[in-house]
1. Averaged over its residues, how many other protein chain Cβ atoms are within 10 Å of peptide B:309-315's Cβ atoms?
2. Taking the alpha-carbon distance from B:Lys279 and a cut-off under 23 Å, which lysines remain once sequence neighbours fewer than 8 residues away in the same chain are dropped?
3. Please state the charge dipole magnitude for the protein assembly as shown, taken about the Cα centre, from unit charges on C-beta atoms (+1 on K and R, -1 on D and E), reported in debye and rounded to the nearest 20.
4. Work through the residues other than B:Glu58 whose Cβ is under 13 Å from its Cβ and net out their charges, Lys, Arg +1 and Asp, Glu -1.
5. Which number comes out as Rg/Rh for segment B:316-381 once both Rg and the Kirkwood Rh are worked out on C-alpha atoms?
6. Probe radius 1.4 Å, ligands and nucleic acids left out: can you give me the accessible area buried at the B-A interface, summed over both chains, in Å² to the nearest hundred?
7. Scanning chain B for helices, which whole DSSP H stretches are 24 Å or more long along the axis (Cα) and average 0.0 or more by Kyte-Doolittle?
8. How large is the accessible surface of B:Phe477 in square angstrom, using a 1.4 angstrom probe and rounding to the nearest 10?
Amino acid sequence: MAAPGSHRALTGRLLLFAAGSFAFGFALVPLYSVLCKVWDTGNRWYGTQTAQASVVERPVVDRVVTVEFIASVPHAGDWEFAPHVTSMQVHPGKLYSAEFHAKNLTGMAVVAQAVPSIAPTTVARYFKKTECFCFRPQNFARDESREMPIRFIVDPDLPPDIDRITLSYSFFDLPRTAAAGR
Amino acid sequence: MAHADTHAADHHDHDHKPSGIGRWLFATNHKDIGTMYMVFALIMFFVGGAMALLIRLELFKPGMQFFDPGFYNSLVTSHALVMIFGGVMPAFVGLANWMIPLQIGAPDMALPRMNNYSFWILPFAFTLLISSFFTAGGGPAGGWTLYPPLSLQAGDSFPLTIFAIHMMGASSIMGAINVIVTIMNMRAPGMTLLKLPLFCWTWLITAYLLIAVMPVLAGAVTMLLTDHYFGTSFFNPAGGGDPVMYQHIFWFFGHPEVYILILPAFGVVSEIIPTFSRKPLFGYDAMVYATASIAFLSFIVWAHHMFTVGMPLSGQMFFMMSTMLIAVPTGVKVFNWTTTMWRGSLSFEPPMLFALAFLFLFTIGGFSGLMLAIAPADFQYQDTYFVVAHFHYVLVPGAVFAIMAGVYYWLPKWTGHMYSMSLAKWHFWLSTVSVNILFFPQHFLGLAGMPRRIPDYSTQFTDWNMVSSVGGFIFGFSQILFVVVIWQCVRGGEKATDKVWDGRMDGLEWTVSSPAPYHSFETAPEIH
């Protein structure tokens with residue numbers, strides 16, 4: 001049997017190991033962001049690409065891709081939020097614009113943030129937005145309604161098997177989600 | 001260290017036990033604590049089992065019969081938490097407490113005081129969890145995985161659940177540290193690591209898994225807590241977080257956790273099969289290395305629980321391949337158990353029966369696991385009853401049967417009495433037949449498309465659900481026999497010999513008297 005002192009040393013090391021594991025759990029947070037960027041999964045709000053305002057258009061006229069728009073709000077009844085058109089036929093390499101309608105029903109002035117997501121996730125890198133209301137928080141006065149634009153271009157290098165892209169926005173109101181939890 | 005002093009003081013008074021409730025409240029004896037763990041696990045097994053029967057009651061036929069969906073979801077969530085953290089894990093810690101010092105020739109566990117804390121945290125943790133049923137909004141209903149944002153929308157049960165999980169985690173980590181220090185520091189002279197009984201080996205590896213991943217779960221639920229109350233946005237897209245990240249962190253814990261639930265079961269079975277085959281275990285070293293490989297692989301397969309969340313093709317390929325790789329060391333184990341029996345002179349006492357049922361039925365669970373590992377097929381199986389059937393096969397006739405096998409194997413050593421073999425065999429046959437009636441049809445339901453976690457279902461699923469419910473009730477009530485057998489055995493019965501079984505008994509635990517003396521090996525035995 002080993003000397004009693006070594007129990008303490010080993011226990012200490014194991015406790016340190018447990019503390020390290022706890023820290024590792026939190027280290028997974030930045031690690032996850034890095035891996036998502038590397039793999040470009042499009043799950044994260046930076047998943048879709050921001051392009052320079054002056055993109056060069058080189059339309060591929062013999063190819064048509066359907067772009068669908070989806071809008072959702074986490075708290076039903078707080079917002080009117082919907083795309084003007086639910087789908088568009090686009091040529092890759094050509095710049096298009098679309099509009100979303102939003103109306104604040106929360107009964108107070110709020111700051112809102114739209115969070116985009118794209119499906120299939122692998123097309124995130126080919127879907128470039130030159131302008132989007134999701135780039136910055138949106139201030140809304142009480143009962144204010146507004147049309148919000150996006151301008152986008154689908155990269156001509158889009159893999160040939162993709163004929164449909166779905167772009168989804170969730171509209172969050174920031175003060176409540178950030179300060180009061182849910 | 002405190003235990004050294006106690007040990008010296010007790011030297012003249014060999015079997016002196018503290019009396020009254022204090023013996024249990026302030027217990028530092030590994031056998032007393034082991035007993036408390038086992039009894040606690042048994043109670044939780046019945047609490048969780050009662051929840052399961054309520055679930056099967058509601059699912060007996062389509063339509064909403066008894067509960068509102070919210071309460072049904074609470075039942076599903078709590079059933080899982082109670083069975084995993086209150087049933088299977090404490091049962092294995094109880095077996096570890098009882099058997100590890102006896103198997104390695106040590107007087108007690110290395111850290112008796114911590115042992116006491118780690119047990120007594122548990123009743124408080126489960127009181128918190130179960131009391132959450134009485135809060136506004138009912139019990140936790142977002143599934144045991146507590147995925148946000150759903151879990152964050154819970155009522156007042158939310159913080160209670162989180163704190164209960166913190167406490168269970170602390171308890172497991174302390175238990176694990178105790179096991180490691182005991183095995184590393186207190187082995188009898190001459191017992192090298194590769195002479196360690198396999199139950200101790202599997203527990204040693206399990207303990208390292210626990211220390212590596214329970215804190216990660218604690219971290220994940222702490223993030224949920226701060227997201228809910230302190231305005232952080234770990235999992236909240238509005239603040240730049242991502243709910244999918246929770247799933248990654250959770251399953252980084254969750255997959256090693258499923259091996260935490262099964263590795264000690266492998267250990268128990270590896271003790272029992274050689275005994276009743278009257279042959280040494282085939283391929284001892286391979287068993288140790290296979291266990292270690294399974295533990296290592298458990299850290300790199302987590303995303304197979306979440307193939308459908310959207311991940312790059314390369315990620316799906318990696319997690320699919322690494323998951324299938326686990327079949328190799330597991331196959332080694334199943335092969336070695338089978339080979340141990342090959343040309344052995346087998347006898348079928350209750351522990352052996354349960355070990356054999358484990359071997360056969362756990363393998364079925366392993367095969368359905370391989371089916372689920374195939375990423376393209378998993379898109380079809382995800383969140384169906386096929387998954388439910390899979391993990392219940394590995395957990396009920398897997399982990400739970402191994403616990404029962406272990407209890408039937410060592411119970412005479414604990415109590416000093418033999419139990420009723422015929423009642424135990426009734427318990428075995430009723431359990432084994434009914435557990436298949438209960439879970440096998442769930443494979444069919446899942447493949448036919450019945451989703452999990454629903455209180456109502458389409459009428460085409462009715463027949464198999466009825467069969468499954470009938471099996472569930474037979475299985476549930478059969479467990480009363482288990483309690484009867486144990487109760488009779490504690491109360492009295494034919495005197496057990498030191499060797500207990502007419503079989504091949506290699507372990508040190510069979511060299512001490514039955515019942516095992518209150519303090520195990522005061523003089524360390526020599527190992528040759």
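The values are calculated or read from the model by the stated rules, or taken from the named source; none is laboratory data. Bear in mind the structure is a predicted one, so any value in this text is a computation, not a measurement. Here Cβ is always computed from backbone atoms with ideal geometry, including for glycine, and neighbour counts include all displayed protein chains. Side chains included, ligands, DNA and RNA excluded: accessible areas come from the protein's heavy atoms. Shrake-Rupley method; radii C 1.70, N 1.55, O 1.52, S 1.80 Å.
1. Working: counts 3, 10, 6, 9, 2, 1, 3.
Per residue, the average neighbour count from other chains is 5.
2. Leaving aside lysines fewer than 8 places away in the same chain, those within reach of B:Lys279 are B:Lys195, B:Lys333, B:Lys413, B:Lys499.
3. Values: 38 positive and 42 negative charges, 116 e Å.
The calculation lands at about 560 debye.
4. Numbers: positive: B:Arg56, B:Lys61, B:Arg453; negative: B:Asp68, B:Asp456.
Summing Lys and Arg as +1 and Asp and Glu as -1 gives +1.
5. Working: Rg = 15.3 Å, Rh = 13.6 Å.
Here the Rg-to-Rh quotient is 1.12.
6. Details: alone 20280 and 10960 Å², together 27800 Å².
Approximately 3400 Å², summed over both chains.
7. Values: long enough: B:30-58 (42 Å, 1.27); B:112-131 (30 Å, 0.66); B:157-185 (42 Å, 1.43); B:198-229 (45 Å, 1.52); B:243-277 (50 Å, 0.99); B:350-373 (33 Å, 1.86); B:421-447 (39 Å, 0.84); B:462-491 (44 Å, 1.12).
The qualifying helices are B:30-58, B:112-131, B:157-185, B:198-229, B:243-277, B:350-373, B:421-447, B:462-491.
8. So the heavy atoms of B:Phe477 present about 120 Å² to solvent.
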